[in-house]
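Report on the structure given below.
The values are calculated or read from the model by the stated rules, or taken from the named source; none is laboratory data. None of the values given here were measured: they were computed from a predicted structure. Heads up, the Cβs are rebuilt from the backbone with ideal geometry, glycines too, and the neighbour counts pull from every protein chain shown. With ligands, DNA and RNA removed, areas are computed over all heavy atoms of the protein, side chains included. Shrake-Rupley method; radii C 1.70, N 1.55, O 1.52, S 1.80 Å.
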Amino acid sequence: VYKGLDVITNKATLEERQQIPHHLIDFLDPLSRFSVVDFRERALKVIDRLMSNNKIPVIVGGTNYYIESILWN
């Protein structure tokens with residue numbers, strides 16, 4: 001989610017992101033507060049939007065804690 005942390009997070013490169021749409025990547029200042037609840041709210045909106053357009057979201061990256069937040073209440 002954080003801007004400017006490309007190397008230490010092994011973030012997808014700009015070239016990779018241009019080939020396939022990516023969401024919730026590189027949008028937040030590293031000094032900003034962002035909780036797992038914030039992530040869950042944003043991620044579920046993106047997932048709902050993609051599925052309503054008959055697209056299957058592929059969820060990758062981040063910490064397991066964040067991924068688990070969208071899988072279970």
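Overall, the chain carries a charge dipole of about 180 debye about its Cα centre when +1 sits on the Cβ of Lys and Arg and -1 on the Cβ of Asp and Glu, all other atoms neutral. Tell me which lysines have Cα within less than 17 Å of residue 3's Cα, excluding those fewer than 8 residues away on the same chain? Reachable lysines: 11. Measuring only protein heavy atoms, the 1.4 Å probe finds residue 71 accessible over about 100 Å². Karplus-derived 3J(HN,Hα) values for region 19-25, using 6.51 cos²θ - 1.76 cosθ + 1.60 with θ = phi - 60°, are 7, 9, x, 10, 10, 6, 10 Hz; glycine and proline are entered as x.
Relative contact order for the chain: 30 percent, from Cα pairs under 8 Å spaced at least 6 residues apart, divided by residue count. Scalar couplings 3J(HN,Hα) for region 27-36, obtained by applying the Karplus form with A = 6.51, B = -1.76, C = 1.60 to θ = phi - 60°, are 10, 10, 5, x, 8, 7, 7, 8, 9, 4 Hz; x denotes Gly and Pro.
Per residue of the chain, the DSSP helices (runs of n ≥ 4 H) give a summed -39500 (n - 2.57) that works out to -13500 deg cm²/dmol at 222 nm. In a DSSP loop and with at most 15 other Cβ atoms within 10 Å, the trypsin sites (Lys or Arg not before Pro) in region 1-58 are 3, 33, 55. At an R0 of 22 angstrom, the distance between the Cβ atoms of residue 17 and residue 37 translates into a FRET efficiency of 0.30. Each distinct pair of alpha carbons in the chain adds a 1/r term; the inverse of their mean, the Kirkwood radius, is 13.3 Å.
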